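Worksheet: the structure to be examined is printed underneath.
Taken together, the values in this text are just the output of simple stated rules run on the coordinates, not laboratory data. The model shown is predicted, which means the values in this text are computed figures rather than measured ones. All Cβ positions, glycine included, derive from the backbone under ideal geometry; neighbour counts span all protein chains shown.
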Amino acid sequence: MLTARWASLLVAVALLVTGRARAETVVKIGAALSMTGPAAAYGAQQKAGILAAVEQINRSGALKGMKLEAVVEDDGSTKEQGIAVFQRFINKDKVVAIIGPTLSNTAYATNPLAQAAGVPVVAVSNTAPKGITDIGDYIWRVSLTEGQVIPGALRRLQARLGFKKAGVLYGNDDAFTQAGYNVMKAALEAQGIQTLGTQTFAKPDRDYNAQLTALLGQKPDILVVSALAENAAGIVTQARQLGWQGPVFGGNGFNSPALIKNAGPAAEGVYVGTAWNKVSTDPVNQAYLAAMTARGVDPDQFATQAYVGVMVIAEAIQLSGNKGGRDDIRNGFLKVKELPTPLGRFSFLENRDGSHEPAVQVVKDGKFQIMQ
Amino acid sequence: MQQAVNGLFLGSIYALFALGYTLVFGVLDILNLAHAAVFMLASFVALFLVGRAGMHILLAFPLAVLCAGLVGVVLERVAFRPLRARADSNISGLISSIAMATIFEALALWIWGPNVSRFPFGTIPERQFQLFGAVISRLQLTIIAVAVAIFLLLTWLVTRTRLGREVRAVAESPRASRILGVHVDRVIAWSFFISSALGGAAGVLFGLAFNAIQPDMGRGVELKGLAVIILGGMGSMPGAVLAGFLLGLTEVLVVAYLGASWRDAISFAGLFLILVLRPRGLFGAAALREA
């Protein structure tokens, strides 16, 4: 009888111990990504980056007693769908943080909702300088703004290529491409490059021949374009068809392998400032590349920024004493400094924007190559 | 000069598309608003034939156009014929065609997804030619040439063949034609076949020209097509062609000299002006009161 009592006591203790070990809190992160629409080129990569990061972090056990879970929804590259997704995340799924949305244009509409509800948002691909983190203290950003990347990239490119006259083309119906244009205009002026002509287009447009003919007729040395990947591919293709052999400098919208895939040989000679130096020998970057290759993904800048978005959330949880609530994460962000990531040493600035060293890349032989 | 080439190129696609619209309108007094959906479907069919089945574009093009024509016949049988006996057949046919357009778009969305699809590289091999100081690519030349060939073919069909005569007869008066022994239902089916084939041809050429094929690609051209047939005169084929080229040129020049944001504004403002000043369009017949 003594044995039986001991046995049952042992079993009870065993159950208690294993039960506690299995009782992990699930930390839900919502990801609003453009899987369809004009920004669809970026969404799939972002999703891959996020899922990879979630798996890595869960496997490493860095968050004791907590498991990350990513809920990915399509924001359709539109404000309306983005708002619906955010509302679902905030009210139905009750996520502790949201990554995204893909487009700055969508973020202008969706982020105020999160700010009002006290849900931290990590922007991983919004690069419009104004109107993202200024929405409020729950909005944080990993992606470098056009203002942080373009001027430096243009300066390095001018030192390398020595152009003096530019033709400018930009999309005037999207917050990101418009903001990108403003940065480009200021940078061109600051560097004494003469803008011979400026033309515009809208996202649904497919025919850019008229605009390009007008710009190329003035004989520029370089074409400066602010566009999303879909339009960028068409613009570059048609520019080459019209006989333009010179360089094209693009904004962040060009930073996608979708450009190369869709424009093919026409994409050769396109220069873009990028947040991610893919060939960096930094061990964190190399480990990241290996992990992504093992998952069968060839990552681009967007995948990497999304990956770092999850990393930053995990870091914030740890910094606030392993607590995974909405305010804990926000308070944790305040403390993120020099975090080793595939993008480099990452810190948040006082205005909640991200900060790390950018690079310049060029499309050569059908691939993006870092310009040394 | 380059801009003229650009305008000619864009205009030929608009003209082809509008021709299909005006053919059905001339014959049936009905606006077939599923025309833009057929435009889109033909492009996808051509894409499928070239991309998946590995067919050469020279073969895929006529096949896709044929498919488009067949879809047109189905469209007529399903959406228009059952309603022809009704007194309000103009409006009900219109609404019925909108329904068919929605169905076609949903079908394309289901089969090919919402993202942009592209022809594989080298479908029409890249080559540039110089023409009076303008650069024109082989692709653009091909499209303009095909469009002109189709116009000539159509003109011959309408003026020299028996079918063409019958179509013109039905356009003037279905009742009189029936009395004179014309098989009206069959003529109408043929009209739809030709009209949709034209729209389909425009679709394939558009897809080749801009290499961005998606289920809602018909939307952009739909309204422009309407503008073109109103400008040219509803029911007038030479009017549709001329107006198509005119619109293409206008759009290109507006974009180059005023800015892209003005393009649609100017095009539709021009249309509005025409409607006010000369409602029957460039070549349209003045409204007759029928006895």
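Being of a type outside the set (Gly, Ala, Ser) and part of a strand (DSSP E or B) narrows it down to one of A:95, A:122, so name that one.
From the options A:95, A:122, the qualifying one is A:122.
Is it true that some residue in the range B:32-40 is over 30 Å from residue B:169 (Cβ atoms) and within 13 Å of the chain's Cα centre (by Cα)? Give the derivation first.
Going residue by residue through the range B:32-40, those that are over 30 Å from residue B:169 (Cβ atoms) are B:40.
Keeping just the survivors that are within 13 Å of the chain's Cα centre (by Cα) gives B:40.
Yes, because at least one residue in the range B:32-40 is over 30 Å from residue B:169 (Cβ atoms) and within 13 Å of the chain's Cα centre (by Cα).
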Output the residues belonging to the range B:184-214 that are within 21 Å of residue B:79 (Cα to Cα) and in contact with a Ser or Thr (Cβ under 9 Å, 6 or more places away or on another chain).
-> B:184, B:187, B:195, B:200
Which listed residue, of A:233, A:210, is within 14 Å of another protein chain (Cβ to nearest Cβ) and either without any contact (Cβ under 8 Å) to a residue 24 or more places away in the chain or on the phi > 0 side of the Ramachandran plot (or both) = A:210
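Filtering the range A:171-220 down to residues that are small (Gly, Ala, Ser) and surrounded by fewer than 19 Cβ atoms within 10 Å (Cβ to Cβ), which residue is farthest from residue A:159 (Cα to Cα)? Even if it seems obvious, please write down each step before you answer.
Keep residues of the range A:171-220 that are small (Gly, Ala, Ser), which gives A:171, A:175, A:179-180, A:186-187, A:190, A:192, A:197, A:202, A:210, A:214, A:217.
After this cut, where a residue has to be surrounded by fewer than 19 Cβ atoms within 10 Å (Cβ to Cβ) as well, the list is A:186, A:190, A:192, A:197, A:202, A:217.
Numbers: A:186: 18, A:190: 14, A:192: 12, A:197: 22, A:202: 32, A:217: 25 Å.
Per the criteria, the residue is A:202.
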Give the range B:110-135 a look and list any residue that's in a strand (DSSP E or B) and surrounded by 15 or more Cβ atoms within 10 Å (Cβ to Cβ), or say none.
-> B:117, B:128, B:134, B:135
Considering the range A:184-207 alone, what residues qualify as being without any contact (Cβ under 8 Å) to a residue 60 or more places away in the chain, in contact with a helix residue (DSSP H, G or I) (Cβ under 9 Å, 6 or more places away or on another chain) and part of a helix (DSSP H, G or I)?
-> A:186, A:187, A:188, A:190
Somewhere in the range B:121-134, is a residue among the aromatic types (Phe, Trp, Tyr), within 14 Å of chain A (Cβ to nearest Cβ) and more than 30 Å from residue B:283 (Cβ to Cβ)?
-> yes
Taking the range A:40-54 only, how many residues are away from chain B (no Cβ under 11 Å) and among the aliphatic types (A, V, I, L, M)?
-> 6
Condition met for residue B:152 (away from chain A (no Cβ under 14 Å) and surrounded by fewer than 19 Cβ atoms within 10 Å (Cβ to Cβ)) = yes
Looking at B:254, B:204, B:241, which one is within 14 Å of chain A (Cβ to nearest Cβ), buried (at least 18 other Cβ atoms within 10 Å of the Cβ), assigned to a helix (DSSP H, G or I) and in contact with a Phe, Trp or Tyr (Cβ under 8 Å, 6 or more places away or on another chain)?
-> B:254
Being at negative phi and among the small types (Gly, Ala, Ser) narrows A:243, A:171, A:162 down to just A:171
Looking at the range A:158-177, which of the residues that are touching a residue at least 60 places away in the same chain (Cβ under 8 Å) and farther than 14 Å from residue A:221 by Cβ is farthest from the other protein chains (Cβ to nearest Cβ)?
-> A:176
For the range A:141-155, name all the residues that are closer than 14 Å to residue A:102 by Cα and either without any contact (Cβ under 8 Å) to a residue 40 or more places away in the chain or part of a strand (DSSP E or B) (or both).
-> A:141
